[in-house]
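Enquirer: Pasting in a structure now, in structure tokens, and then I'll have a few things to ask.
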Amino acid sequence: MLADAMWPSIAPQRALSVLAVADLVAWRRGLGHDTKALLQGTGISEAQLGDPEALITPLQEQAFFGNWVAQAERPDCGLEVGQRYRLMHFGHLGLILPHAATRREAMALFLRFINLSYTHFTPEADLAAGLLRLRGGEHLGPLRRFYLDRDVAFTVGLLRAFFKDGEAPPLRVRFDSSVAPSEVPRYEAVLGVAVEVGAPVTEVAMDPSRLDEPMPEANALMVRLLQPQCEARAAKVIGSRPVNWAERVREVFQQHGAQGPWPDGGDVARRLRCSERTLRRHLADEGQSLQALSDAERSGRAAQWLRQDNARLDDIATALGYSEAAALIRAYKRWFGHPPGVDRR
């Protein structure tokens, strides 16, 4: 049995497997839906969807599910997504779990290799009481409820998978304030378990006396064979290039065309699906600032456009978000140390 001290915390900057996203896209396409909108703004390519070894960033996944929620137009659409998740989506982690000796060991293995999962919450397990709690997730902003519903639905399905066919384990789910009392009947119908709301923390509970029963496919040899592979995979996803917030902000500015107001802090934060305060904090952690990144993109465009024939200062100023040419001239002097006329063709 694995000791609690061996359970690592979730690395927030870890990479994620593309398998679950690829399966969801394939599911939608199979239903005849156009999936282009789901991938818009995510940076996830068709090539990645077809590569079982491909990794994506948490921000890319959040952009994908932001599009998913917008299309679904249902606050509880995370339940449906969570029910779509299968152990195969977890790669090596999904392979090792069914072969654990007992359900307790299977849960301990899942927590040990938590960084191979998709959760963005902090899991706390009390295996003596048969409880799994999910804390945190505030960084997910408006997507927190979706992710919470998704993870709970998957957890309920996972625990059922640990029993023989047709044998339903006694389960109970308690949600925090993300779910309203009026929604309980819907949640109970979808999850097939008793649901409570208004709890201090979301938790899934089962009878702890059943945790030490043998798993249907227990195989100690397979666990020994797969454990080093899980360790290697975990090192890879944690060691992959972390999310670079400055790079993401640059992408937002670069994708902005010549029409419409120049993106301010609120606009950029909405594109990256976080609060402006969170965005500025992450940039500060990287030694960057929103103003500096904005100036870098605007100054580059201004210099480029000035070299074009018949470029009018008023038009350039408008495209870069300035109310008048005079404001652009002042900014240009600050950027380059001389007025824009010096760089005219």
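The values are calculated or read from the model by the stated rules, or taken from the named source; none is laboratory data. The shown structure was predicted, so the numbers you read here are calculated from the model rather than taken from an experiment. All Cβ positions, glycine included, derive from the backbone under ideal geometry; neighbour counts span all protein chains shown. Side chains are part of the model used for accessible areas, which takes the heavy atoms of the whole protein and leaves out ligands, DNA and RNA. Shrake-Rupley method; radii C 1.70, N 1.55, O 1.52, S 1.80 Å.
Enquirer: Note down the magnitude of the dipole of region 224-312 about its Cα centre, charges +1 on Lys and Arg C-beta and -1 on Asp and Glu C-beta and zero elsewhere, to the nearest 20 debye.
Expert: 300 debye
Enquirer: Follow-up. Going by the alpha-carbon gyration tensor, a ≥ b ≥ c the square roots of its eigenvalues, is region 253-310 rounded (a/c under 1.5) or, if a/c is not under 1.5, prolate (a/b greater than b/c) versus oblate?
Expert: oblate
Enquirer: Hey, in the GNM for the chain with a 10 angstrom Cα cutoff, which one of GLY257, GLY91, GLY141 fluctuates hardest?
Expert: With Cα springs under 10 Å in the chain, the top fluctuation among GLY257, GLY91, GLY141 is at GLY257.
Enquirer: How much of the accessible area of the chain, in percent, comes from carbon and sulfur atoms when a 1.4 Å probe is used?
Expert: Details: 8640 of 16600 Å².
Of all accessible area on the chain, carbon and sulfur atoms account for 52 percent.
Enquirer: With a 10 Å radius around each residue's Cβ, average the other Cβ atoms per peptide and rank 98-105, 65-72, 49-56, highest first. Spell out each step's value before the answer.
Expert: On the way: 98-105: 19.8, 65-72: 17.6, 49-56: 15.4.
My ranking of the peptides, most packed first, is 98-105, 65-72, 49-56.
Enquirer: Can you tell me how region 40-84 classifies by the Cα gyration tensor, rounded, prolate or oblate, using a/c under 1.5 as the rounded cut?
Expert: It comes out prolate by the Cα gyration axes.
Enquirer: Quick check: the distance between the Cα centres of region 7-46 and region 113-168, to the nearest angstrom?
Expert: Using only Cα atoms to place each centre, the spacing works out to 19 Å.
Enquirer: Can you tell which of ALA296, THR122, ALA72 lies farthest toward the positive end of the dipole of the chain, using +1 and -1 charges on the Cβ of basic and acidic side chains (Lys, Arg; Asp, Glu)?
Expert: Farthest towards the positive end: ALA296.
Enquirer: With a/c under 1.5 counting as rounded, go ahead and sort region 302-345 into rounded, prolate or oblate using the C-alpha gyration tensor (a ≥ b ≥ c being the square roots of the eigenvalues; past the cut-off, prolate if a/b is larger than b/c, else oblate). Please report the intermediate quantities before stating the final value.
Expert: Values: a/c = 1.92, a/b = 1.04, b/c = 1.85.
Because a/c hits 1.5 or more and a/b fails to exceed b/c, region 302-345 counts as oblate.
Enquirer: Per residue, how much accessible area does the chain show when a 1.4 Å probe rolls over the protein heavy atoms, in square angstrom?
Expert: 48 Å²
Enquirer: Which one, ALA218, ALA26, GLN254, is farthest towards the positive end of the dipole of the chain when Lys and Arg carry +1 and Asp and Glu -1 on their Cβ?
Expert: GLN254
Enquirer: Give me the distance between the Cα centres of region 195-225 and region 254-285, rounded to whole Å.
Expert: Computed from Cα coordinates, the inter-centre distance equals 41 Å.
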